[in-house]
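Reading through the C-alpha cells given below for one structure.
Derivation of every value follows stated rules applied to the coordinates shown; laboratory data play no part. Because the structure is a prediction, the values reported are computed rather than measured. Counting neighbours? That spans all protein chains shown, and the Cβs are built from the backbone with ideal geometry, glycine included.
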Amino acid sequence: MHETRSSWAWQCCACSARSCFLTGVGKTTLIQKACEALQSSGVSVDGFYTQEVRQGTRRIGFDVVTLSGTRGPLSRVGSQPPPGKSECRVGQYVVDLASFEQLALPVLRNACSTGGPGQRVCVIDEIGKMELFSQPFIQAVRQALSAPGTTVLGTIPTPKGKPLALVEEIRGRRDVAVFSVTKENRNSLLSDIVTCVQSSRT
C-alpha cells in the first residue's frame, strides 16, 4: 500500500498503482468532482456513490446513487428488514441489502466487463460496514480490483474500532494508492487524484 498525501501524485506513477482510494473527510464530494473531471476528458466512468438522506435537519439514512442517476435506499433509521430477511444493522441504521445489491452489483459488473478499446474507471463509494454485509459485493470489488483494463476509484472509511477485512486487504495491496483527505487538503487533492487515475490507465 502506498499512502498518498497532498502533492504526492508522482508516487502513483512511480509505484504503478492500478487503483486509487480516498479516506477521510469529504471523500464522497471529492470523488464526484474527480468523476466529472475524468468524464470531461473523455474517460469512461461507471459506478456508484452514497448520499445522505435527510428529513429536515435530521439524517435518516443513506441512498445508493449510480453515475447514470438511478437511486435506491441503502439504509434507514429504525426501519425493518424485508420479511424473512435477517437484520443487517450499523448503529441506528438498518441496511436494505436487497436494494443495495440490486443497484450496485450490475453497475460494478458492467464497469468491469464493458468491451471496447481503452481502460475504464469503476467508482465504488464506499466500501464500509453497511456495504460489507453483502458477500456478492465483496466478490465484485475483488474482481474489479483484478480486472484487466479497469481502474477502481473508491472510498474506504478511516480505521476505527474492529478492522474491516476487505478494507485492510485493499490498504495492503501494492497496486493501490490511498489518499488521506482532510479539511485542509481536500480542495488541493483533486488534481492529484485525477493524475493518479490517468497514470494508472497508461
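Of note:
- Part-to-part distance (alpha-carbon centres) for segment 14-71 and segment 145-202, which is given in Å: 12 Å
- Normalising the average separation of contacting C-alpha pairs (under 8 angstrom, six or more residues apart) by the number of residues puts the relative contact order of segment 109-184 at 33 percent.
- Integer Hz, Karplus 6.51/-1.76/1.60 couplings in order for segment 96-101, x for Gly and Pro: 8, 5, 4, 5, 4, 5
- Prolate/oblate/rounded label for segment 93-152 (Cα gyration tensor, a/c 1.5): prolate
- Gyration tensor (Cα) of segment 17-60, equivalent ellipsoid semi-axes in angstrom: 26, 13, 9
- Summed side-chain charge close to Val64 - residues other than Val64 whose Cβ falls under 10 Å, Lys, Arg +1, Asp, Glu -1: -4
- Rounded, prolate or oblate (a/c below 1.5 giving rounded, otherwise prolate when a/b exceeds b/c) for segment 18-173 by Cα gyration tensor: prolate
- Shape category assigned to segment 130-202 from the gyration tensor of Cα positions, a/c cut at 1.5: oblate
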